[in-house]
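Derivation of every value follows stated rules applied to the coordinates shown; laboratory data play no part. This one's a predicted model, so the numbers in the text were calculated from it and none came from an experiment. Neighbour counts are summed over all protein chains in view; Cβ atoms, including those assigned to glycine, are modelled from backbone coordinates with ideal geometry.
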Amino acid sequence: MADYRELWKSLDMDLEKHDQLCEVLPKFYDEIYLSQEKRPEGMNYFNFVIAEVHGLRIQELAEHRKNGQKVVGSFCVFVPDEVISAADAVGVGLCSGSDFWIPDGEKYLPRNSCPLVKAAVGAKTSGTCPYFQSCDLLVGETTCDGKKKAWEILGEHVPMHVMDLPQMKREKDKIHWMDEIRIFIDELEELTGNKITEESLARGIELINKKREVLQRLYDLRKEENLPISGKDALLVTQIAFYDNPERFIEKTNELCEELEKRVQNKESVFAEGTPRILVSGTPMAVPNWKLHHMIETSGGSVVCEETCTGTRYFENLVDNTGETMEEQIKALSDRYLNINCACFTPNPGRIDDILRLYKEYKADGVVYYTLPFCQTYATEFKKVKEALDKADIPVIMIESDYSLQDAGQLKTRLEAFFEMLEPKKEIAAANK
Amino acid sequence: MYSIGIDAGSVATKGVIFDGEKIEHVIIPTGWSPKTASEEVLKQLLVKSNIKKEDVERIIGTGYGRISMPFVDKAITEITCHAKGAHYLNKKVRTILDIGGQDSKVINIDENGNITDFLMNDKCAAGTGRFLQVMANVLGKDVSELDDLTNNARPEAITSMCTVFAESEVISLLAKGIPKENIASGIMHSIASRGVSLLERINILDDVAFTGGVARSDVIGRIINDKISKTIYKPPNSQIVGALGAAVIGYRELL
Ligand code: SF4
Ligand code: SF4
């Protein structure tokens, strides 16, 4: 990595502490990612992005800001990227998936908060995340209680805008969400000084839809019998989608897909035949939280799909691009976004339908239900999901785990036992074929 | 034709040799090294059954030490092995409660001994053999003496689940002059309740097998029985069920 110390200093970062963080990440990445066999060539770009995660991309953001553009950070897939793009601002997803930030987060938040929230607050307050430092505005949303209260604390450190996300999906909630999108438009117009027009919003919609389409193209390849890419690598691509330059990301991911399509033609797989196919469902996994995928794929399984916000909830369903007036466009945005089935909604039957559908589409053998500790909404929703899966005779295991590796031994045993449990089922299914 | 199963747990390492009918077993403390312990178990098993290593066609390792056994043909988790072991011993078993030295688990199986669901406790010593061990120490007794000590005494409630807090609770109960038998009885109830609450998180099916080192206590088995009103099956040697399952799986692979 080139020398970015001047850049980091200009962002008011704690350089010494940041050095500690930079020391651990590459080794961690090597162990988890570079050790994989038969990795697609196209992953080299994503390796590069990770290697430069605190370097080149940060420099790009700094250049955007020098040109007068604004950087807007968000934490949830409900925040409409289209609007950010229409205001000619640069959006970055600020999810925080490292243990490193937890102690700093715990200075402000109760220990029994979810690690995602703790790490986000810790990343900002410790001044060690250059993305947080590059943001001119953070956009929060009213999803879970932990986040709601964290915005008040983050707001003391950086300008914050909070979108009031409804918790139900009735007609009046849709109207309310349209209102929130309008307020967001005003806020961004004020921040950037750029007027958002039908044309710019249409361009934003087109761009973000393209990003969704390329991710769908990638995920479609994971439906194949012979998996051309590991779950770990696919997860990484989705995670990078949150903060990379969208045009370049689309181009590079399309290139990767072309390579993978060739693999599919040649029936090449990165896994041995008969490796159990796992659908992961639950809470988001932010960089560098690769723990569950790594555990699954080193315990004899393969991840074929994520029903998470770093998976299908991020890119499924496009925004209808036929709207001509601003009102029609806002309605189209609201419709697409309120179609996301996050556990913070009540009731949330759509998520169960999604899990059942994805299980079939991706030809999964079992479901690993993943939740971060202290995430009430996802942990509670497990009961309903399990009932539905039991009824459909779909095996499921619940894994609650944070970012630390303390529980790795027990997790491995549970996952291995789960895969052993799937074996006789698979044999019966094969015999019936 | 012989197969061997070795189960290296946190406290004891168990080995079973199986010829399709008869079984022979060995149990030794795991000590510091599951690798050394499992090698020792293998050696003792061969001596005990008077056969040569070459005559053993399959060795399966299980338990948390399964990854440290270089000589096995295959490693399988203790969950699958317990399921197979309990099913081999009693075809009517559908739910298994296993309480070992450092963890506990419940497993549901179907009529073929295949797992349909399972749960493990949190990574914590509450309600495991370790808990029993610590409490026995405070009472100045050996774990094997606790059953006799309870002697149907009225249980003195132990309110802390956490081993560390329960330890100081027991010390202060002793200081208050509460008879040891009431305290011992309270300890047994505490472990049994943890086992029952784990059971209740799964769909409990008749018959229930109670296995693992802690199942050696008849008193705990009785208390659990009273609480869940299901037929409880206790294998003659509750500690070797995992190793037996491993041996049975190995044997079937030879057929
Ligand atoms: S899980 Fe819910 S709250 Fe979290 S990012 Fe996804 S949609 Fe937002
Ligand atoms: S994982 Fe759960 S608790 Fe954590 S931020 Fe998301 S919804 Fe909130």
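Once C-alpha pairs closer than 8 Å and six or more residues apart are averaged by separation and normalised to the residue number of the stretch B:2-110, the relative contact order reads 24 percent. Between the Cα long axis of helix B:241-254 and the first principal axis of chain B there is an angle of about 20°, rounded to the nearest 10.
Computed on the Cα atoms alone, the convex hull of the stretch A:56-210 gives a volume of 121 cubic angstrom per residue. Averaging the sequence gap over all C-alpha pairs within less than 8 Å and six or more residues apart, then dividing by the number of residues, gives chain A a relative contact order of 17 percent. For the pair B:Asp226 and A:Asn226, label points projected 7 Å from Cα toward Cβ lie 6.4 nm apart.
Compare the Cα positions of A:Leu358, A:Pro228, A:Ser98 along the charge dipole of chain A (+1 at Cβ of Lys, Arg; -1 at Cβ of Asp, Glu; about the Cα centre) and return the one farthest towards the positive end. It is A:Leu358, whose Cα lies furthest towards the positive end. For chain A, adding -39500 (n - 2.57) for each run of n ≥ 4 DSSP H residues and dividing by the number of residues yields -16500 deg cm²/dmol at 222 nm. For the stretch B:93-234, the calculated P(r), taken from all Cα-Cα distances in 5 Å bins from zero up to the bin holding the longest distance, is 2, 10, 22, 23, 18, 12, 7, 4, 1, 0, 0 percent.
Taking the Cβ of each residue in A:Glu251, A:Glu225, A:Glu306 as the centre, tally the other Cβ atoms inside 10 Å and list the residues starting with the fewest. Mind dumping the intermediate values first?
On the way: A:Glu251 13, A:Glu225 10, A:Glu306 30.
Fewest-to-most Cβ neighbours within 10 Å comes out as A:Glu225, A:Glu251, A:Glu306.
Considering only C-alpha atoms, what is the centroid distance from the stretch B:64-110 to the stretch A:77-142, in Å? If you average the Cα positions of each part, the centres end up 43 Å apart. Enclosing the Cα atoms of chain B in their convex hull gives a volume equal to 117 cubic angstrom per residue.
Computed from point charges on the beta carbon alone (+1 for Lys and Arg, -1 for Asp and Glu), the dipole magnitude for the protein assembly as shown about its Cα centre is near 2120 Debye. Once the chain from A:Glu41 to A:Arg111 is taken as fully extended at 0.36 nm per residue, the excess over their C-alpha distance is 21.0 nm. Listing A:Met178, B:Met69 from fewest to most neighbouring C-beta atoms within 10 Å gives A:Met178, B:Met69.
So if I place +1 on the C-beta of Lys and Arg and -1 on the C-beta of Asp and Glu, and nothing else carries charge, what would the dipole magnitude of the stretch B:93-234 be about its Cα centre? I want it in debye, nearest 20. Walk me through the numbers before you get to the answer.
On the way: 15 positive and 19 negative charges, 51 e Å.
The calculation lands at about 240 debye.
Placing pseudo-labels 7 Å out from each Cα toward the beta carbon at A:Arg203 and A:Asp390 gives an inter-label distance of 5.4 nm.
Let me have the 222 nm mean residue ellipticity of chain B computed from DSSP H runs of 4+ only, each contributing -39500 (n - 2.57), with the sum over all residues rounded to the nearest 500. Don't jump to the answer; show the numbers that get you there.
Numbers: 8 runs with 101 residues, N = 255.
It comes out at -12500 deg cm²/dmol, rounded to the nearest 500.
Taking other Cβ within 10 Å of each residue's Cβ, how do A:Asp81, A:Asp390 sort, fewest first? Don't skip to the end; give the middle numbers.
On the way: A:Asp81 20, A:Asp390 14.
If I rank by nearby Cβ atoms, fewest first, I get A:Asp390, A:Asp81.
For the protein assembly as shown, the Kirkwood estimate of the hydrodynamic radius, built from every pair of different alpha carbons, is 27.7 Å.
Here's the list of lysines a cross-link from A:Lys124 could span, going by alpha-carbon distance under 21 Å and ignoring same-chain residues fewer than 8 apart: A:Lys9, A:Lys17, A:Lys70, A:Lys107, A:Lys147, A:Lys148, A:Lys149.
Taking 0.36 nm per residue of separation and subtracting the Cα-Cα distance, what length does fully extending B:Thr36 through B:Glu200 add? Numbers along the way, then the final one.
Details: separation 164, 0.36 × 164 = 59.04 nm, distance 3.75 nm.
The B:Thr36-B:Glu200 span can extend by a further 55.3 nm.
Pairs to check: A:Lys425/B:Lys74; A:Lys262/A:Lys391; B:Lys52/B:Lys105. Give those whose C-alpha atoms are more than 29 Å from each other in this structure. Intermediate values should be presented prior to the final figure.
On the way: A:Lys425/B:Lys74 20 Å; A:Lys262/A:Lys391 38 Å; B:Lys52/B:Lys105 35 Å.
Exceeds cut-off: A:Lys262/A:Lys391; B:Lys52/B:Lys105.
Listed values for the stretch A:393-403 are Karplus-derived 3J(HN,Hα) couplings in whole Hz (6.51 cos²θ - 1.76 cosθ + 1.60, θ = phi - 60°), namely 6, 10, x, 9, 10, 9, 10, 10, 7, 9, 7, and x replaces Gly and Pro. Between A:Glu189 and A:Asp164, the simple spin-label model (points 7 angstrom out along Cα→Cβ) gives 2.0 nm.
Each residue of the stretch B:206-219 was assigned a 3J(HN,Hα) from its phi angle through the Karplus curve 6.51 cos²θ - 1.76 cosθ + 1.60 (θ = phi - 60°); the sequence is 6, 7, 9, 8, 10, 10, x, x, 5, 5, 5, 7, 5, 4 Hz, with glycine and proline shown as x. For the stretch A:287-304, 3J(HN,Hα) computed residue by residue from phi via the Karplus equation (6.51, -1.76, 1.60; θ = phi - 60°) reads 3, x, 7, 10, 4, 5, 4, 5, 4, 4, 7, 10, 10, x, x, 9, 9, 9 Hz, glycine and proline entered as x.
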